[in-house]
1. What are the residue pairs meeting all of these: first residue in region 230-245, first residue on the phi > 0 side of the Ramachandran plot, second residue at pLDDT 75 or above and surrounded by 20 or more Cβ atoms within 10 Å (Cβ to Cβ), Cβ atoms under 7 Å, and 6 or more apart or on different chains?
2. Looking only at region 232-239, decide whether some residue is at pLDDT below 85 and surrounded by fewer than 19 Cβ atoms within 10 Å (Cβ to Cβ).
3. Which ones in region 77-115 are over 19 Å from residue 173 (Cβ atoms) and of a type in the set (S, T, N, Q)?
4. When the residues of region 61-76 are narrowed to those that are of a type in the set (A, V, I, L, M) and at pLDDT 95 or above, which ends up farthest from residue 174 (Cα to Cα)?
5. In this structure, is residue 156 part of a strand (DSSP E or B), among the β-branched types (Val, Ile, Thr), under 18 Å from residue 100 (Cβ atoms) and out of contact with any helix residue (DSSP H, G or I) (no Cβ under 6 Å at 6 or more places or on another chain)?
6. Could you tell me how many of the residues in region 38-60 are closer than 19 Å to residue 188 by Cα and over 14 Å from the mean Cα position of the chain (by Cα)?
7. Condition first: over 14 Å from residue 248 (Cβ atoms) and touching a residue at least 60 places away in the same chain (Cβ under 8 Å). Now tell me which residues in region 203-226 satisfy that.
8. Quick check, is residue 118 closer than 19 Å to residue 233 by Cα and surrounded by 21 or more Cβ atoms within 10 Å (Cβ to Cβ)?
Amino acid sequence: MYRLILCMSIMLWLGGIGVGGAVPYSEPPSLPEDVNAQGIRAYFLALSEGESTVITGTDGFTMVVDTGTAKSATEVADFLEEHQIARIDVLVLTGEMDEHIAGTDELLKRIPVEQMIVPALIKDSILHKVHQSLPQIQTVREGQTLEWPAQLKMRILHPCEPLSLSPQANSLVFQLIHGRIKFLFTSDIHEESEVRLLEKYNVESQILKVSDGGSNQASSPPFLEKVDAHAAILFRNRPTAEGSDEVIERLNETWIDVYQTKNHGTITVISNGEDYRIEREKTKGYFDAK
């Protein structure tokens, strides 16, 4: 029923959207009153460069996925301080690319980190780029599931052996699962990694973090069909991402609501484990499809 209503809403707005991926302004659906009992918020930060997502729980738990570039690291730390987050319980580094990891040193200087999670198969290539004293390191491999309080789980899907010659293809891919709500984090993987994932796993998720800033080296039609997401989130802060307009068109063709940090600012997904809503930092005047 949700998908039917969603599709009908999009059809009514389609004439004004085009293929640029802008989301028409509308009030988000309200969550039940018990959202504060087991709730999480996932903030996809509108950084000047790179990618970083902050996940907070009503129990005080905080996870950070990637740290942006060296230039944008202060923006991540500033966000945490503005939200009175004095400690990171789990810092997840998904790969060795500067857009994901180069801000780690600055973040470690400013915010205490209890535990860092890195993929076992590319641990050395990640950690040799971090020069600050390291917190406790947990390496993870595909097939593992990690659990925390408040119904929060992390299911590791990638990388796997044999490793690719492309660092992006060896990025960490995981589902963050909060009750019935699934977020699929794809870091910078390309189509070859998507093929491997589809051979092994059910990747269906409500929220998709689009790979590699929307590059057309990923987000293949078969992959998007299997993920069957309701909403796709793109970190759009590079001058260009190769083929990104093509990817946005693909997303629109699959009836996925597209949110871009370039247009919408920081994007917040609020979940109570049963339902979710999405809040955008900017108002409808900023919904620019270009």
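1. Pairs found: 243/215.
2. First, the residues of region 232-239 that are at pLDDT below 85: 236-239.
Applying the additional criterion that residues be surrounded by fewer than 19 Cβ atoms within 10 Å (Cβ to Cβ) yields 238-239.
Taking every residue of region 232-239 in turn, at least one turns out to be at pLDDT below 85 and surrounded by fewer than 19 Cβ atoms within 10 Å (Cβ to Cβ).
3. Once the filter is applied, which keeps residues that are over 19 Å from residue 173 (Cβ atoms) and of a type in the set (S, T, N, Q), region 77-115 yields 84, 104, 115.
4. Of all residues in region 61-76, those of a type in the set (A, V, I, L, M) come to 63-65, 70, 73, 76.
Filter once more, keeping what is at pLDDT 95 or above: 63-65, 76.
Values: 63: 14, 64: 14, 65: 11, 76: 21 Å.
Looking at residues that are of a type in the set (A, V, I, L, M) and at pLDDT 95 or above, I get 76.
5. Working: part of a strand (DSSP E or B): yes; among the β-branched types (Val, Ile, Thr): yes; under 18 Å from residue 100 (Cβ atoms): yes; out of contact with any helix residue (DSSP H, G or I) (no Cβ under 6 Å at 6 or more places or on another chain): yes.
Yes.
6. Total satisfying the criteria: 2.
7. Passing the criteria: 206, 207, 209.
8. Details: closer than 19 Å to residue 233 by Cα: no; surrounded by 21 or more Cβ atoms within 10 Å (Cβ to Cβ): yes.
It is false that residue 118 is closer than 19 Å to residue 233 by Cα and surrounded by 21 or more Cβ atoms within 10 Å (Cβ to Cβ).
The values are calculated or read from the model by the stated rules, or taken from the named source; none is laboratory data. These figures come from a predicted structure and were not determined experimentally. Note that each Cβ is placed from the backbone with ideal geometry, even for glycine, and that neighbours are counted across all protein chains shown.
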